[in-house]
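Data block below; observations after.
Values in this text are rule-based calculations from the coordinates and carry no lab data. Keep in mind the model is a prediction, meaning the values are calculated, not measured. Here the Cβ positions follow ideal geometry from the backbone for every residue, glycine too, while neighbour counts run over all protein chains shown.
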Amino acid sequence: MLIAIPLGIAIGLSLGALGGGGSILTVPALVYVLAQDARTATTSSLVIVGLTSSLALVPHARAGRVRFTQGLLFGLLGTAGSLAGSALSGSVRPSNLLTAFAALMLLVAALIIRRAHSARRDLGLAIDPTVEPMLTLRPFTCACPRVAKVVVTATAIGLLTGFFGVGGGFALVPALVLALGFPMPVAVGTSLLVIAVNSATALAARLGSGGGHLDWALIGVFTVAAVAGSLVGGKVVGRANPRHLTLTFAGLLVLVALYIGARSLGVVIG
C-alpha cells in the first residue's frame, strides 16, 4: 500500500501534465512492483486511469481547456475498439501480452520524441483557437475524408485502451491537435475526457467477461495518489517546458520497455 502512493503520484503527475502518457506506466507498476498478473493489472489500470482522468478534468475544465461535445463524441466513436480490444486481451497469453506492451511502449517513446522535435510545427498548426473542429459538419456538405480519419483514429485508440488497459493519451493529444485542429492546451484537457470514456467502456467489457481478481483497496490507494498527482500536473502544464518534460518521459518509457521486454521474453524462453 505504501509503495502504491509514490507510484500513483508519479503517474498522476504525468497524466495531468501531458494529458495522457502516464497511464502507460500503470500496468508495469502493477505487475513488477505490486506483483499483479498481467490480466488483473490491465483491468486495474482501467479503473485507476478512468477515475484519475475524470477528476483531472476539473482544473482543465475550469480553465476552459475541455471541449465536452467533441470529446464525448470522440470517446463514443472509440467504443467498438474498446470492446474489441477487451475481448482480444482475454485470449492472449500473459507473457505475450507483456511483450506486446513493451513494444507499444517503445513505439510510444519514438512518437513522443518525434512530437517533441516537431513541437513548433505542430503548435503552429493549432495555435488559432478559432479553428472549427472537424467533427462539426455544415448542412448539405460532406467532410467525408476528415470524418473517416476521426473515426479510424478514435477506434484505434479505443482498441489500445481495451487491449492494454491504457488511456491512449499519447496518441490522443496529437490526434486532437492535427485531426481536429485543437490548440495544444485544449487537446490536453479534452484528451482526459476521451480517456475517461474509453476506460469506462473497456472496464465494463472486462468486468463482464471476468477481468481477474481486483484488489480494490490497492486500487483505491493508487487512485487517490494518482488523482493528487494529476491535480498538481494540471498546474505544471502551464509552467514547465513541454519539450523537456516529454523527452524525459520518453526516456523513462524506453528504460521500462527494455526491462519489461527482457522479463517477458525470459518467461517465454523459459
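A few points about this structure:
- Shape of segment 1-95, Cα gyration tensor, a/c cut at 1.5: oblate
- Projected label points at residue 3 and residue 262, each 7 Å from Cα along the beta carbon direction, are separated by 1.8 nanometres.
- Potential extension, residue 204-residue 255 segment - 0.36 nm per residue separation minus Cα distance: 15.2 nm
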